[in-house]
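Read-outs throughout are calculated quantities, based only on the coordinates presented, and are distinct from any laboratory measurement. Keep in mind it's a predicted model, so treat the numbers as computed, not measured. With ideal geometry, Cβ positions are generated from the backbone for all residues, glycine too; neighbour counts draw on all protein chains shown.
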2 protein chains.
Amino acid sequence: MCGIARREENEMTLDGLSRAERQAQTRERLIDVARQQFLKHGYAATSLDKVAIEAGFSKGAVYSNFAGKEELCMAVLDEIHAEQTEAVVDAFSGPGSLEDKFKAFSTWAQTGLGNPRWTALEVEFAAVARHSPYVANALTERHRAIASAIADLIRTVTEREGVTLKQGPEDTAVVLLSMGIGLGALRSLDSQLDVTVFADAMRALL
Amino acid sequence: MCGIARREENEMTLDGLSRAERQAQTRERLIDVARQQFLKHGYAATSLDKVAIEAGFSKGAVYSNFAGKEELCMAVLDEIHAEQTEAVVDAFSGPGSLEDKFKAFSTWAQTGLGNPRWTALEVEFAAVARHSPYVANALTERHRAIASAIADLIRTVTEREGVTLKQGPEDTAVVLLSMGIGLGALRSLDSQLDVTVFADAMRALL
DNA sequence: GTCTATAAATCGATAGAC
DNA sequence: GTCTATCGATTTATAGAC
C-alpha cells in the first residue's frame, strides 16, 4: 500500500513502462541479438547463453520468454519473413514498367531471397525439423504461406500487365522460391556467385 | 618366422585379403553406414559412436580411417556426388529426342538433384563450413566441379540439338543447381511438393 | 521476471592396451 | 588397425533465491 503498490496498480514502473511493455522490450532485445548470432554463426553454433549475455541478460531470461532454442529461432525467422514479404510486395506494388519491377526485384533478391545468411539459417534449421515435430509443422506452415504470398503477387502482376505464364502462378512461385533458397545456399559457400543469373532466369520464366 | 609371419610376408590373412584390402573394406563399411545415418538424421544429429557400432566397429576405427567427423562426411558426399554425376550424364548421353532426355532428367531429378535427404545434408553441412576452413574449401571445390560438369553437359546437348539458350551454359547450370538444391530443401519439409515443376521450369529455361 | 547455480546428457577426440 | 576407457568441453534445460 505504498509507492510500489501504487505503481503496480497503475501498471507503471519508474521508467514509464508497464510490466507488459518491459517484458515485450526484453523479448524484442533477445530476438534482435539472437537474430544477429543465428545469421552470423548458424543455428547449431549459437548458444543461448551467449545470446542472453550479449543482450544484457542471463539465460534465465531466455527461458522466461521462450520455450527453448527452437521457439526463439522461430521467432527470429518470423520477424525476417515479415520483413522480406513486405519488401517484395513493395517492390512490385508501385508504378512503373514490368522491367522496372524486375530491376527492383533483382535488387531485393541480392539482400533478400538470395541472401546467403538467411537461406543458410533457414535450411540448417530445416534439418532440426527432422527430430522436432514442432519445428517441422511450424516451418512447413510458414513456407506454404510465403509461397502463397509470392503466388498472389505473381497473379496480380501478370494480370495487370497482361502476361501469360508458362507455368501456373503457384508452380512459378515454388520454382522462384526454390531457386532463391538454393542460390542463397550456394552463395553462402561461394561468394563469387553472381546473383544476376537469378533475375535473368526469372525473365525467362515469365 | 612361423605361419603368421609367412602370411604377413604374403600380405594375406586367413580370409584371403591383404591388410590394405581389409582396411579398405573397413573404410567402405564405415562410409556406407555413415551415409545412411547422415541422410536419415542429418549431420549434427549423427554421432560417430553410433555410426561405428552400427558398422560393427568401435569409435577408434573411425579415427583410424578418417581425420574426424568432417572428413567422414566429405567422404560420404564424394561418393554421392560421383553417383549423381554418373547418373545425370547417362540420362543425357543415350540416343533419343530432346523430349526423351527431359523425361529421363525429370526421373533422375526425383531421386537425385531434388532428393530431399541429400540436399538437406548438403546444405546443413554447408553451415559447418562457416567455422571450418577445411569444409569451406572442400565444399566450394566440389560444387564448382558439379556446376562445371552440368555446364559441359548443357553445352554438349544444346550444340547437338541446335538449341540456343537464353542464358549461357554456365549460368544455366548454376540456376538448375540452385533450383534443385532449393527444391530439395523445401521438399525435405513439405513432402507434398511436386517435382514436376522442376522439369517444366527447365523446359522454359532452354 | 530475472538471476545464479547446477543438473544432466551428449559427443568429439585422445591415450594406451592388444 | 582396432578396442576400451576416459577426458574435456559444451550446451540445453531446470530449481530455487530474490
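Before moving on, here are some points about what is shown:
- Of all residues in region B:104-119, those satisfying the criterion of being touching a residue at least 60 places away in the same chain (Cβ under 8 Å) and either assigned to a helix (DSSP H, G or I) or of a type in the set (Phe, Trp, Tyr) (or both) are B:Phe105, B:Ser106, B:Ala109, B:Gln110, B:Pro116, B:Arg117, B:Trp118, B:Thr119.
- Members of region B:168-201 found to be farther than 18 Å from B:Gln84 by Cα and of a type in the set (A, V, I, L, M, F, W, C), listed by number: B:Leu186, B:Leu189, B:Leu193, B:Val197, B:Ala201
- Candidate set from region A:60-70 (those that are without any contact (Cβ under 8 Å) to a residue 40 or more places away in the chain, buried (at least 16 other Cβ atoms within 10 Å of the Cβ) and part of a helix (DSSP H, G or I)); member that is farthest from DNA strand C (Cβ to nearest atom): A:Lys69
- B:Ser132, sole failed condition from (1) surrounded by 18 or more Cβ atoms within 10 Å (Cβ to Cβ); (2) in contact (Cβ under 8 Å) with a residue 40 or more places away in the chain: (1)
- If you check A:Ala185, A:Ala199, A:Ala204 for being facing chain B (nearest Cβ under 7 Å) and surrounded by fewer than 24 Cβ atoms within 10 Å (Cβ to Cβ), only one passes: A:Ala204.
- Filtered residues of region A:118-159 (kept if at the interface with chain B (Cβ under 9 Å from one of its Cβ atoms), over 22 Å from A:His41 (Cβ atoms) and in contact with an Asp or Glu (Cβ under 8 Å, 6 or more places away or on another chain)): A:Thr140, A:His143, A:Arg144, A:Ala147
Here's the yes/no breakdown for (1) away from DNA strand C (no atom under 15 Å from the Cβ); (2) surrounded by 14 or more Cβ atoms within 10 Å (Cβ to Cβ); (3) more than 14 Å from every other protein chain (Cβ to nearest Cβ):
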site	(1), (2), (3)
B:Ala24	yes, no, yes
B:Val33	no, yes, yes
B:Ala52	no, yes, yes
B:Ser58	no, no, yes
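- Pairs meeting the criteria (first residue in region A:26-55 and in contact (Cβ under 8 Å) with a residue 60 or more places away in the chain, second residue near DNA strand C (Cβ under 10 Å from one of its atoms), beta carbons under 6 Å, at least 6 apart or on different chains) are A:Ala44/B:Ala44.
- The residues of region B:108-117 that are more than 12 Å from chain A (Cβ to nearest Cβ) and either touching a helix residue (DSSP H, G or I) at 6+ places or on another chain (Cβ under 6 Å) or closer than 12 Å to A:Leu121 by Cα (or both), listed by number, are B:Trp108, B:Gly112, B:Asn115.
- Check on B:Ala20, more than 13 Å from DNA strand D (Cβ to nearest atom), part of a helix (DSSP H, G or I) and of a type in the set (Gly, Ala, Ser): no
- Among the criteria (1) in contact (Cβ under 8 Å) with a residue 60 or more places away in the chain; (2) among the small types (Gly, Ala, Ser); (3) surrounded by fewer than 17 Cβ atoms within 10 Å (Cβ to Cβ), the one A:Ser148 does not fulfil is (1).
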